[in-house]
1. Go through 188-199, 314-325 and give me the packing order, highest mean Cβ count within 10 Å leading.
2. What is the fewest-to-most order of Glu237, Glu180 by other Cβ atoms lying within 10 Å of their Cβ?
3. Putting +1 on Lys and Arg Cβ atoms and -1 on Asp and Glu Cβ atoms, find which of Ile244, Pro139, Pro6 reaches farthest to the positive end of the dipole of the chain.
4. Taking 0.36 nm per residue of sequence separation and subtracting the Cα-Cα distance, how much length would be gained by fully extending the chain between Asn284 and Thr243, in nm to one decimal?
5. How much net charge surrounds Arg362 when only the other residues with a Cβ under 15 Å from the Cβ of Arg362 are counted, with Lys and Arg +1 and Asp and Glu -1?
6. Of the lysine pairs in the stretch 1-123, how many meet both conditions: Cα atoms under 14 Å apart, and a spacing of 8 or more in sequence or different chains?
7. Excluding same-chain residues fewer than 8 positions from Lys212, which aspartates and glutamates have a Cα within less than 14 Å of its Cα?
8. Counting other Cβ atoms within 10 Å of each Cβ, which trypsin sites (Lys or Arg not before Pro) in the stretch 1-67 have at most 12 and sit in a DSSP loop?
Amino acid sequence: MEAFKPLRREELGVLVRKLRKAAEEGGVVDISEKIGAMNEDIAYKMVLGRNKDNRFDIKAIVEEGIFLMGAFNISDFVPCLSALDIQGLTKRIKKVSTIIDSLLETIIEDHEQVSMTRSGKQGHQEDFVDMLLSLTNKPLKLNDEQVYYLDRTNVKAILLDMIVAAFDTSTATIVWSLAELLRHPRVMKNLQEELQSLIGMDRMVEETDLPKLSYLSMVVKESLRLHPTAPLLVAHESIEDITINGYDIPKKSRIIVNIWTIGRDPNVWSENVEEFYPERFMNNNIELQGHDFQLIPFGSGRRGCPGLQLGLTTIQLVLAQLVHCFNWGLPTGLLPQDLDMTEKFGLSMSKAKHLLSKPTYRLM
Ligand code: HEM
């Protein structure tokens, strides 16, 4: 987490400079596109240790994979039809998996070559891929009983897991949060006041400021309550027979937890459940770490999100910076209440329409 601090700072600095330029020109900015591009750059450098590679469009391939994983597949309901592949989904997913495999092979081979020629030389910095490769085919003793071996396929699976998980999750949450702030000028004002009084107007927000920004933390929680990036988490399997609230759940059942519905359940959150109201988190200890089951956007337990701290820090820092550095206006003629909040159906839930907004620089 700490290791990626300079990377986040640098990329965020580039984004703020681009937005300042747009503000000087007085134009409307596609904020979804700008934040997406920044997070994509961060993800490339963080996971693959390199700048975006023009040889392949990883994002488009991963998006196709994510779409296919979440697509309605008639064979799930009528298994005898699966061999026919009526919708052509199996053919498409095989094609995607071949492309992803050769792409990851290329990235690994590039790293192997660089490490052979530069290893031990001054200035050679190991990245995440180098680190994983250095662990392959060695006995890894994770606990007292079992020894594990990491092979090339495991390395590719971990890299793919990280890319998929890091690409869009933070972007979606930042965009949803900004959209809610634009729809609720009162909340935007409160957040800007918190930043003004605790940071001042003569410097930008630093990562070390985040723990003291309590209203910011409430805004992010409220955004994740209404717009969880993974509305159904990831499917789990029960490992033993269990009865919950009178329902018998047999061992080996596939469990899908609908956190989107939990987030909007008036029995859990009171009557104003549809309202974006960060103050609901003011006098309670509801946290995002997975212990408060009414709010688990990062899942819970052993298979909960390992990127929680990383994702949360990115979201809070980017949001704080954007709201502190700029005032945000809606395109001419659009009223806050008319902002389109339609969700895009898929494995992860992002805003269907790109968020457009007009920045005005506000720091001294
Ligand atoms: C807003 C940001 C993020 C959200 C809301 C989020 C949410 C989630 C959720 C809900 C799960 C499934 C948990 C479960 O079913 O119990 C998950 C798994 C995972 N996440 Fe995240 N995530 C975010 C960011 C990240 C980042 C930045 C990374 C890494 C760079 C990451 C890496 C992973 C991985 C590797 C898994 C699979 C864990 C496993 O299967 O054991 N996530 N995430």
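Each value in this text was obtained by applying a stated rule to the coordinates, not by laboratory testing. Remember, it's a predicted structure, so these values are computed and weren't measured experimentally. When we count neighbours, we look across all protein chains shown, and the Cβ atoms used for this are built from the backbone with ideal geometry, even at glycine.
1. Peptide ranking by packing, descending: 314-325, 188-199.
2. Neighbour counts put them in this order, fewest first: Glu237, Glu180.
3. After comparing all options, I get Pro6.
4. 11.8 nm
5. Net of charged neighbours comes to 0.
6. 4
7. Leaving aside aspartates and glutamates fewer than 8 places away in the same chain, those within reach of Lys212 are Glu193, Glu194.
8. Here the sparse-neighbourhood loop sites are Arg55.
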